[in-house]
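Okay, so here's the structure we're looking at.
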Amino acid sequence: MSETPWILFEKLHADVPSPEYHSENASCFDLAAYIAKGHDVTCYVNDGSAGKAIGHDLVYLSKDPLKDVGELADNRIWIWPGHRVLIPTGLKAIIQPGWEAEVRLRSSAAKHSLRLCNGVGTIDADYRGEWFIPIENISDDVVEIEHGVRLVQVKIQEAKQATIRFLDHEAFINHPNYDTKRGSGAFGSTGQSA
């Protein structure tokens, strides 16, 4: 059995929900939203043209909520359809070197038509900033997220860096690992049936 990795957390506020495993054999621990009045929540606004997001159009919702973007009140935020929000967790961490945190959406969030903007997130062992959850509302309805709701699950995985080398064409096609049964087949080339 491989070694058990460690992770050290710092709570940025006294009322930050603690990450925890919720069953005896859970492979991931859950992270919750830290939404408190007076703390910034960043929203990325869509311009409406073919669903293209304008990444540089940031709106901070801590002082004057904008009705056409999202709304922050007390300990909850409403996310308008098609909008993306960076939900704070109120946590910073030190991950054991040689390991990484893989962030995945919990199924309970997915059933409310939320998704992680980056699919699956990676937090490297050398990152020291606050952890955020990049959430997008893909529904046609406004979605409410309350403080403390568990949105994502985190799996700690070993992270090895590969040695990157380049070969010229001849050396590439004559490498002993070049020839495979699959070859250059992609996008379903290995079949789709079970």
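Around the amide H of C117, modelled in the peptide plane, lie the amide H atoms of I135, E136, all under 5 Å away and 5 or more residues distant in sequence or on another chain.
Computing Rg and the Kirkwood Rh from the Cα coordinates of the stretch 86-147 gives a ratio, Rg/Rh, of 1.02. Phi-derived couplings, Karplus 6.51 cos²θ - 1.76 cosθ + 1.60 at θ = phi - 60°, listed residue by residue for the stretch 17-24: x, 7, x, 7, 7, 9, 8, 4 Hz, with x used for Gly and Pro. Each principal axis of the stretch 67-175 carries a Cα extent, and these read 60, 31, 23 Å when sorted largest first.
Sorting K160, K92 by accessible area puts them as K160, K92; the probe is 1.4 Å, largest comes first, and only protein heavy atoms count.
Could the peptides 163-173, 104-114, 75-85 be put in order, highest first, of the mean number of other beta-carbon atoms found within 10 Å of their residues?
75-85, 104-114, 163-173
Quick one: Cα centre-to-centre distance for the stretch 76-110 and the stretch 125-156, in angstrom? Cα centroid to Cα centroid, the span is 3 Å.
The values are calculated or read from the model by the stated rules, or taken from the named source; none is laboratory data. Everything quoted here is computed from the prediction, not taken from an experiment. With ideal geometry, Cβ positions are generated from the backbone for all residues, glycine too; neighbour counts draw on all protein chains shown. Keep in mind that these areas ignore ligands, DNA and RNA; they rest on the heavy atoms of the full protein, side chains included. Shrake-Rupley method; radii C 1.70, N 1.55, O 1.52, S 1.80 Å.
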